[in-house]
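J.: So that we are looking at the same thing, I have put the structure below in structure tokens.
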Ligand code: GDP
């Protein structure tokens, strides 16, 4: 994949040929006299590479390739336009959350059922464009952590990144990170220069700084749309949405609505009353109530679907997100889902995946003697334990991530924390099996123990700790590692 010009030695290395070979090729095939220190333009480098039998992709081509990943060849005759899916990224406090809220409030009529209080992980707004109503779908997970962790699991859900930069603060470290993440994913960027209502707003300075990161505004001859907005006054939000629509048109986003649905789990948790609840982003096909579905390793039959406005719906078309009920277990954010015509086949696929996960988890886990929080430090001092293995189960994905990131900040000079498995949901017998096999302690946060899990934990002598306050959890783990935990506990 090439992003810009490339020097002759660099290209030689990429293509695993000598520099002379490249210079020779340029001269003989193209009549270009190049020297070894020269930087070749992308197009020239591409021609040389292709002469030498190597395929070159630019990030745009790469993204086109990934965008169609959810499409099969038989879809190609049925493609229809689908709305763009947007992630909002940017530095902390630059107004990501405010911007999402503000767009949502102005665009979603307050009187609608569920209104603006419903949180489903994604929501859509209607935008008038050239006399037509178009939709834009926003993932309600501001911050590039969400973007990156989904991507790390292979999920590609974002079509366009909206980069929020505060007009009074300019480009900051997380702005730069967000730019790199979006570029790496080949996702086009629309810049929202926010807080234009503030006295210290300096939009031109922001544009200047962005130019240093190769984001050049259209009015300066570049191709990155930039809109000055205010999440507080609502200024220019329509222009921002308009820009998003224009960029989406260039992207030619499409899907085949006339097939069984597939897509990605964007959020999932265990609801005490309703059981496993997952928000699914449909990326191809149409999802229906009654569909037989496999999400990650979880099997289910969709009992009910609720859209982002809190309404019960019967179907969800491409790019729309719905909350579904009817899964047997809680999948993970980033898991792919697919609908199957054949229930038996779906069950078989789900149980095969469960078995795979279970055995790979068991393999990863080295067996050792029982570890409890109270004997961690003692075992460490005896030199028997260098790592504290943990299994984390929590109410929602957000808690799982918060716990993992807080744990990673604890001092770990004596004992290292190793998280074997972390997911939303209740503590199950499988978790206990894993803990028993790997000498791990189970941490349950705001969740419950499945009835058979309790019995298994007692039988196997697995330490299951339940918490509802994150500080208490961190205190105890730190205390355990330092040998300060009351042995009685
Ligand atoms: P996030 O961390 O990027 O999600 O930022 P927030 O949305 O939480 O906003 C951080 C702070 O900036 C809050 O105090 C907001 O009220 C304020 N803020 C956000 N957008 C604007 C804006 O357009 N104008 C002004 N004056 N303040 C804003």
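J.: So in segment 19-57, with the set limited to residues that are surrounded by fewer than 11 Cβ atoms within 10 Å (Cβ to Cβ) and assigned to a loop (DSSP other than H, G, I, E, B), which one is modelled with the lowest pLDDT?
T.: The extreme case among them is 55.
J.: Let me ask something additional. What are the residues in segment 437-477 that are buried (at least 18 other Cβ atoms within 10 Å of the Cβ) and in a strand (DSSP E or B), if any?
T.: Within segment 437-477, 440, 441, 442, 443, 444, 445, 449, 464, 465, 467 qualify.
J.: Looking at the structure I just gave you, is residue 325 surrounded by fewer than 23 Cβ atoms within 10 Å (Cβ to Cβ) and part of a strand (DSSP E or B)?
T.: yes
J.: Give segment 200-228 a look and list any residue that's within 14 Å of residue 162 (Cα to Cα) and either within 12 Å of the ligand (Cβ to nearest atom) or in a helix (DSSP H, G or I) (or both), or say none.
T.: 210, 228
J.: List the strands (runs of 3 or more DSSP E) inside segment 74-179, counting only whole elements, that have at least 2 residues being crowded, with 17+ Cβ neighbours inside 10 Å, within 16 Å of the ligand (Cβ to nearest atom) and modelled with pLDDT of 90 or more.
T.: It comes to 85-90, 160-166.
J.: Additional query: Picking from 282, 294, which residue would you name as being in contact with a helix residue (DSSP H, G or I) (Cβ under 9 Å, 6 or more places away or on another chain) and in contact (Cβ under 8 Å) with a residue 40 or more places away in the chain?
T.: 294
J.: To continue, here is another question. Of the numbered conditions (1) surrounded by 23 or more Cβ atoms within 10 Å (Cβ to Cβ); (2) in a strand (DSSP E or B), residue 231 fails exactly one; give the number of that condition.
T.: The single condition residue 231 does not satisfy is (2).
J.: Continuing with this model, one more query. Just to be sure, is residue 423 assigned to a helix (DSSP H, G or I) and at pLDDT below 90?
T.: Spelling it out, it is not the case that residue 423 is assigned to a helix (DSSP H, G or I) and at pLDDT below 90.
J.: Ok, one more. Any idea how many residues of segment 260-284 are at pLDDT 95 or above and outside any strand (DSSP E or B)?
T.: Qualifying residue count for the region: 1.
J.: Let me ask something else. Considering each residue of segment 402-420, count those that are within 23 Å of the chain's Cα centre (by Cα) and either assigned to a strand (DSSP E or B) or surrounded by fewer than 18 Cβ atoms within 10 Å (Cβ to Cβ) (or both), and give that number.
T.: Count: 9.
J.: Which of the residues belonging to segment 180-199 are closer than 15 Å to residue 217 by Cβ and more than 9 Å from the ligand (Cβ to nearest atom)?
T.: 188, 189, 190, 191, 192, 193
J.: Please go through segment 236-257 and give me each residue that is buried (at least 17 other Cβ atoms within 10 Å of the Cβ) and outside any helix (DSSP H, G or I), ordered by number.
T.: 236, 253, 254, 255, 256, 257
The values are calculated or read from the model by the stated rules, or taken from the named source; none is laboratory data. Everything numeric in this text was worked out from a predicted model, so none of it was measured. FYI the Cβ positions are ideal-geometry reconstructions off the backbone, even for glycines, and counts take in every protein chain you see.
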